[in-house]
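The values are calculated or read from the model by the stated rules, or taken from the named source; none is laboratory data. Since the structure is predicted, the reported quantities are computational estimates derived from the model, not experimental observations. Every residue, glycine among them, receives a Cβ derived from its backbone with ideal geometry; neighbour counts consider all protein chains shown.
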């Protein structure tokens, strides 16, 4: 289903920008590094999905959404009023929840086996990142610390 690859591509583009923005407003250097690393990975995921969508005859749209812009403004507002890295972790974890659900939805649909393999691999990484951000938010691990 080509449309699924195009939709997943757009989701990955938004996630990459949101994570890069989080890196820009976080104060902890380890957190900045983690968000930057995740942003680069999501950009690679987006490129990989764009190639697949195009191969399947779709023209993916990389434009951002109003909700993505509002999410980034909300990050800035939280940072400006001094809510700090904890509030950024809360926001990123919410975004990771959405990404996780998008991947689950994609995997529940009919996909060509090669596209399914790509989305499955990416989903595993997104779920791992979600759990790590959740654990940092909940104080179970510190930024830079390996998850159990």
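Quick rundown of the values:
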| item | result |
| --- | --- |
| Residue list for the stretch 99-131, restricted to those being buried (at least 17 other Cβ atoms within 10 Å of the Cβ) and in contact (Cβ under 8 Å) with a residue 24 or more places away in the chain | 99, 102, 103, 106, 111, 115, 118, 119, 122, 126, 129, 130 |
| Failed condition for residue 96, given (1) modelled with pLDDT of 85 or more; (2) over 18 Å from residue 41 (Cβ atoms) | (2) |
| Evaluation of residue 110 against (1) part of a helix (DSSP H, G or I); (2) modelled with pLDDT of 85 or more (one fails), failing number | (1) |
| Qualifying residue in the stretch 129-144 (condition: touching a helix residue (DSSP H, G or I) at 6+ places or on another chain (Cβ under 9 Å), part of a helix (DSSP H, G or I) and more than 21 Å from residue 29 (Cα to Cα)) | no |
| Restricting the stretch 132-148 to residues that are farther than 15 Å from residue 91 by Cα and surrounded by 11 or more Cβ atoms within 10 Å (Cβ to Cβ), the residue that is modelled with the highest pLDDT | 140 |
